[in-house]
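Have a look at the structure below, then the notes.
Every number in this text was worked out from the coordinates using simple rules, so none of it is lab data. Here the structure is a predicted model, which is why all the values come from computation and not from measurement. Counting neighbours? That spans all protein chains shown, and the Cβs are built from the backbone with ideal geometry, glycine included.
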């Protein structure tokens with residue numbers, strides 16, 4: 001049971017990092033390519049990938065909330081972190097502490 005919770009939390013953390021990276025790539029690379037260099041395909045491709053990672057992040061947030069018995073406020077924080085640039089990285093610091101507690 002403990003190992004299953006650790007796996008779920010680890011997957012959630014990895015999805016969160018990937019989602020955060022995709023958000024930064026979208027904001028800092030794809031959007032300037034679209035608006036400054038008239039290359040809208042960059043936003044189409046990166047935006048699609050970011051959208052899929054966002055949905056996965058929210059899905060895993062529900063899964064973590066249920067398996068680790070987190071409250072709704074925790075889910076709201078996870079959801080908000082996905083909308084703030086660098087938010088998932090800041091939220092990951094809390095998740096890293098929780099992972100350490102599960103491991104001990």
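Here is how the numbers come out for the structure above:
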quantity	calculated
Scope segment 35-46; condition surrounded by fewer than 17 Cβ atoms within 10 Å (Cβ to Cβ) and part of a helix (DSSP H, G or I); matching residues	35, 36, 37, 41, 44, 45
Segment 54-104, residues that are more than 14 Å from the chain's Cα centre (by Cα), part of a loop (DSSP other than H, G, I, E, B) and touching a residue at least 24 places away in the same chain (Cβ under 8 Å)	68
Top-ranked residue of segment 12-28 - restricted to ones that are more than 10 Å from the chain's Cα centre (by Cα) and surrounded by 13 or more Cβ atoms within 10 Å (Cβ to Cβ), ranked as nearest to residue 100 (Cα to Cα)	24
